[in-house]
Amino acid sequence: MTSPPEPRANPLLVGHAAAEATLAEAMRSGRLHHAWLITGPQGIGKATLAFRFARRLLAGASPDGSLALPPTHPVFHRVAAGSHADLLTVEREWDEKRRRMRGEIVVEDVRRISEFLRLTPAEGGWRVVVVDGAEDLNRSAGNALLKVLEEPPDRAVLLLVCAAAGRLLPTVRSRCRRLGVAPLDEADMAALLDHYLPDRGEEERARLAVLAEGSPGRALQLASEGGIGYADMVGQVLAALPALPPERADEVADALGRSDEAFGTFMDLLRAAVAAAVREAARGRADPDQSRLLGARTLADWVDVWHALTRLQDETDTLHLDKRQAIANGFGLLADRR
């Protein structure tokens, strides 16, 4: 398995030609909006696109209108190293006290933006801010960012990379130009996974692509975490519905162990399977396995189950609750033991 570079150092962008063209045209027009909200599912290349645009702004327009910058270019090197004086990246930081990543972007992080934008551009061009994971802004941080957006300085661009735009303050969203980025299609996913997973068989790569739903980042994560095995476990659990005895939860918990990654991957795949069944049933296209999963309960009931599973996973992760109990509670929701 070949690990992709971090987005700031990744020269490869696949499947987002339309979004790239929109940014390139805005740059060429001379009427570049001061704030962009780049939205789409996790792991599809939003941050890679944002840094690609940032590099081009900092390096100057290309004669052919492309946003691509060769990895040999000095600006590419400095952005990749995080050392370009006119680029600031804001994201969740490491909490030294708790020895783990913070769960949110806090107001102190956003205040760095105001300080940065008060400076004169070191190289006389643009100043660029990339907020990676803007959905993680807490309310105080969101209000601080709003003040920046309300009075943007000249020659400054803010790029908000966001997988859940609904979690942003409406006033923040309203002051950004929104650029939606879609999941990759089958051909682009196959090309990327062939590039990054040359040691995996074609059948395994195809299975990962289906599970990842157009997100190459998600596919690579599943590949590194044994995701296909967890997907098989999810399939076995759902195939047994509604007969899910409590001891089945213990068996799954034992298989997952105490790993945060394993619990998160299993729950993500479980929720995705429920969502897919509901979605296809609503369109009248559910296959026999999905129909058996839904059983006698209404689609509205299953939507409630999906929301309850999501809350259960979020609360377990955020509050560091017992994962074994969380799995038992989740199986109770699936089997309708209320």
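Please go through (1) modelled with pLDDT under 95; (2) open to solvent by 60 Å² or more (accessible area, probe 1.4 Å) for SER62 and return the number of the only condition it doesn't satisfy.
For SER62, the failing item is (2).
State all residues of region 290-319 that are open to solvent by 80 Å² or more (accessible area, probe 1.4 Å), in contact (Cβ under 8 Å) with a residue 40 or more places away in the chain and within 20 Å of the chain's Cα centre (by Cα); if no residue qualifies, say none.
Of everything in region 290-319, just one residue is open to solvent by 80 Å² or more (accessible area, probe 1.4 Å), in contact (Cβ under 8 Å) with a residue 40 or more places away in the chain and within 20 Å of the chain's Cα centre (by Cα), namely THR318.
Rundown of residues vs (1) open to solvent by less than 10 Å² (accessible area, probe 1.4 Å); (2) more than 18 Å from the chain's Cα centre (by Cα), yes/no style:
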residue: MET1; (1), (2): no, yes
residue: ARG8; (1), (2): no, no
residue: VAL14; (1), (2): no, no
residue: ALA18; (1), (2): no, yes
residue: ILE38; (1), (2): yes, no
residue: PRO70; (1), (2): no, yes
residue: HIS77; (1), (2): no, yes
residue: ALA80; (1), (2): no, yes
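Output the number of the condition that GLY45 fails; it satisfies all remaining conditions of (1) within 22 Å of PRO153 (Cα to Cα); (2) open to solvent by less than 30 Å² (accessible area, probe 1.4 Å).
(1) is the only condition that GLY45 fails.
Based on this model, can you work out whether PRO242 counts as over 24 Å from ARG207 (Cα atoms) and touching a helix residue (DSSP H, G or I) at 6+ places or on another chain (Cβ under 7 Å)?
In short, no.
Inside region 97-122, can you point out the residues that are hydrophobic (A, V, I, L, M, F, W, C) and open to solvent by less than 30 Å² (accessible area, probe 1.4 Å)?
Matches in region 97-122: ILE105, VAL106, VAL107, VAL110, ILE113, PHE116, LEU117.
Determine, yes or no, whether PHE53 is of a type in the set (Phe, Trp, Tyr), over 20 Å from the mean Cα position of the chain (by Cα) and either within 27 Å of ARG218 (Cα to Cα) or surrounded by fewer than 21 Cβ atoms within 10 Å (Cβ to Cβ) (or both).
no
Among the residues in region 96-117, are any in contact with a Pro (Cβ under 6 Å, 6 or more places away or on another chain) and in contact (Cβ under 8 Å) with a residue 24 or more places away in the chain?
Taking every residue of region 96-117 in turn, at least one turns out to be in contact with a Pro (Cβ under 6 Å, 6 or more places away or on another chain) and in contact (Cβ under 8 Å) with a residue 24 or more places away in the chain.
Looking at ARG139, ARG175, which is the one that is surrounded by 17 or more Cβ atoms within 10 Å (Cβ to Cβ) and modelled with pLDDT of 95 or more?
ARG175
Listed here are the residues, each with its yes/no results for (1) touching a Lys or Arg at 6+ places or on another chain (Cβ under 6 Å); (2) within 20 Å of ILE38 (Cα to Cα).
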site	(1), (2)
GLY60	no, no
VAL79	yes, yes
ASP95	yes, no
GLU108	no, no
ARG112	no, no
LEU119	no, no
ASP132	no, yes
GLY142	no, yes
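Does region 248-259 include one or more residues that are within 22 Å of GLY214 (Cα to Cα) and open to solvent by less than 40 Å² (accessible area, probe 1.4 Å)?
Scanning region 248-259, I find no residue that is within 22 Å of GLY214 (Cα to Cα) and open to solvent by less than 40 Å² (accessible area, probe 1.4 Å), so the answer is no.
In region 20-32, what residues are open to solvent by 60 Å² or more (accessible area, probe 1.4 Å) and either outside any loop (DSSP other than H, G, I, E, B) or at pLDDT 95 or above (or both)? Even if it seems obvious, please write down each step before you answer.
Of the residues in region 20-32, the ones open to solvent by 60 Å² or more (accessible area, probe 1.4 Å) are 25, 28, 30-31.
Listed by number, the residues that qualify are GLU25, ARG28.
Please pick out the residue among ALA286, ALA275 that is at pLDDT 90 or above and open to solvent by less than 60 Å² (accessible area, probe 1.4 Å). Full working, then the answer.
On the way: ALA286 fails: at pLDDT 90 or above.
Every option except ALA275 fails the conditions.
The values are calculated or read from the model by the stated rules, or taken from the named source; none is laboratory data. Computed from a predicted structure; not experimentally measured. Note that each Cβ is placed from the backbone with ideal geometry, even for glycine, and that neighbours are counted across all protein chains shown. What goes into the accessible areas is simple: the full protein's heavy atoms, side chains included, and nothing from ligands, DNA or RNA. Shrake-Rupley method; radii C 1.70, N 1.55, O 1.52, S 1.80 Å.
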